[in-house]
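As structure tokens, the structure follows; a few thoughts come after it.
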Amino acid sequence: MRFIYLGLGIVGIVQFLFYDPSLNLMLQDWAFKAGKMDFYEQWSHTGDIVFQVMNDTYLVLSLSLFLYHYIRYYQLRSIRDHTFYITISLLPLTFVHLFIFYWAPANFVRITFSKSFINYVQPSINLFLMEYRFFPLLAIGAIGIMLYNIYKFKANEARYSNINIITKKKIDTASLGIRAFTHAIKNHLLAIRSEAEYLQEKFADDEDALYSLKLITESCEQSFQSINQANDKLKQITLNIKAVPLDVPIERAIQRFRSNLTNVEIQFEQTNSNILVYMDEDYINEVLNNILKNSVEALSNAGGFIWVSVNYVDQWGTISIRDNGPGIEAEHVEEIFTPFFSTKPSITNWGIGLSFCHKVITAHGGKIEVKSEIGKYTQFDILLPLVKRV
């Protein structure tokens, strides 16, 4: 990429020198003395055409690149919106530029017989296009469109930022609440387990009673584990950030599930290898485990597919996890990261797995987005700060 920028910079410098008045006066003076004014005029005219075509090509290519960027990363909301609003804001500016400088670039310096006098030729101006009574309206309209797009972009970003802030507050509130809840419930569970153990000793010869009491103690142990897991996922986390290849935690997570799956297939598409991002590998691995677990649970029927892909865009390394499950209701999508919210039975799921994912990703300075369509798919997109591509 740096070589492309270097090439564009060199072309810009060449064009600047080509139209530099001092340099053109020197060349005109040399051509006049050498009797080669026809050659100079032809050379200047050819340069005008070349640079006009080149500049118009830049505009077309720039618009094409924005369009390509928008289509390619359409699935990533933040990247898509950013590209869209920048493109729409630049279009009026481009139109105003073409309206005023449609003839540019052109060489207006012409040599005269008087050594101390420089003649500047006027550009060929179309009187209809340059009716100056239209230009203020055009400029005001262009500025209005740009300001409106800036407002819409900021409002859109503020909306999603507020959603993240609200989600974070809910997670923090849930963290405080669950600590109080777990303290109280653990005392009750300890009492139940203690009584069950006492009864096991008292009725050591009663098999039916021992069987029931064993179920009670096992249920207490499972409850302890669930409470501890919930507490661990909502407590304050400390990250050990390192530059890690993006595919490493993904391969670990996929390998863990592949060995136990019978009716679900996981496909890993690694379009770009050796993408380095800043992450705590263990925490990101746990995030991926949570999302893959949700996808696997959603694909209860045979023929289920999960597609995992990695890529990079701008300053982000991206992970996309998509399944062909039943999808999520539109009104539930924005609540998906709220603690204790779950579309699955609450007996087996407390609804804190995705809250944990949101907490970890935002702690990395990243983003996590979800989109879904009922009966078709659910997709999670994770964006993490990019180090570089090796």
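Here are some notes:
- Cross-chain or 6+ apart pairs with Cβ under 9 Å, the range 279-291 first and more than 8 Å from Cys357 (Cα to Cα), then small (Gly, Ala, Ser) and assigned to a strand (DSSP E or B): Met279/Ala243; Met279/Gly317
- Candidate set from the range 34-76 (those that are touching a residue at least 60 places away in the same chain (Cβ under 8 Å) and over 30 Å from Gly317 (Cβ atoms)); member that is surrounded by the most Cβ atoms within 10 Å (Cβ to Cβ): Ser44
Let's see how each residue does on (1) surrounded by 16 or more Cβ atoms within 10 Å (Cβ to Cβ); (2) modelled with pLDDT of 70 or more:
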{"position": "Ala196", "(1), (2)": "yes, yes"}
{"position": "Phe203", "(1), (2)": "no, yes"}
{"position": "Glu207", "(1), (2)": "no, yes"}
{"position": "Tyr211", "(1), (2)": "no, yes"}
{"position": "Asn228", "(1), (2)": "no, no"}
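The values are calculated or read from the model by the stated rules, or taken from the named source; none is laboratory data. Remember, it's a predicted structure, so these values are computed and weren't measured experimentally. Counting neighbours? That spans all protein chains shown, and the Cβs are built from the backbone with ideal geometry, glycine included.
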